[in-house]
């Protein structure tokens, strides 16, 4: 099946710094990608929709100035967590739709803010 | 998105079939039934999807009730690697993100 690659898989950063997470569709083009967040023992929560060539759309309660999303090409979306704090520590996951019905997910990025 | 209801957890033995139920009584006519699974510390993995007819692929089978208000994911011969959280998700034909419920935590005993 189609592959979505996410990098890095794990990152530790100091409080107040910014972290960039990349999401790439390796063998297909994705005009839309999705970013999710998952806290321990909870389900995935959709944060935002990344649109190639236009602004991202954010779910209610997600700060767009804190979670910067850039979708500069048909195969790459990035999520930057700005001024990270310990409460931003979470598992961040991207996905890209494939065809009308399916979606493929990256392997996730474990962010720990210390 | 229409809501789905799944048992919190299920337990099965290795090499036995597993039937994971999902109720979706408010499903609309255009909603596809998707199943994804998430292994520990990994992103979700697509398992199978269907609309009205039963579906089979190399990973699993999906049995859909005639009224479409429920479905069952069938793992024909569970292995330890099938231990995961299984999510049943309804999705229309649009390009929206998925709405994940709590899923079913499947435990496989050796």
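Readers should treat all values here as calculations from the given coordinates under stated rules, not as data from a laboratory. These figures come from a predicted structure and were not determined experimentally. Methodologically, a virtual Cβ is constructed for each residue, glycine included, from the backbone with ideal geometry; neighbour enumeration extends over all protein chains shown.
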**Asked** How large, in Å, is the protein assembly as shown by the Kirkwood hydrodynamic radius built from its alpha-carbon pairs?
**Response** 18.1 Å
**Request:** Note the per residue figure in Å³ for the convex hull of the C-alpha positions in chain B.
**Result:** 93 Å³
**Request:** Just order B:58-64, A:107-113, A:57-63 by mean Cβ neighbour count inside 10 Å, highest at the front, would you?
**Result:** A:107-113, B:58-64, A:57-63
**Item:** Label point distance in nm, residue B:109-residue A:102, each placed 7 Å from Cα along Cα→Cβ
**Value:** 3.6 nm
**residue B:13 paired with residue B:96, simple spin-label distance in nm, labels 7 Å along Cα-to-beta-carbon** = 4.3 nm
**Message:** Could you tell me the center-to-center distance, by alpha carbons, between the range A:7-71 and the range B:18-49 in angstrom?
**Reply:** 22 Å
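Other chains near B:96-106: what is the mean number of their Cβ atoms within 10 Å of each residue's Cβ?
4
Can you give the average number of partner chain beta-carbon atoms within 10 Å of each beta-carbon in peptide B:30-37, as a whole number?
1
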**Request:** List the residues of the range B:18-47 whose backbone N lies under 13 Å from a point placed 7 Å from the Cα of residue A:110 along the Cα-to-Cβ direction.
**Result:** B:40-43
**Prompt:** Any idea what diffusion coefficient the range A:27-76 gets from Stokes-Einstein, in µm²/s, Kirkwood Rh on alpha carbon pairs, 37 °C, 0.692 mPa s?
**Reply:** 281 µm²/s
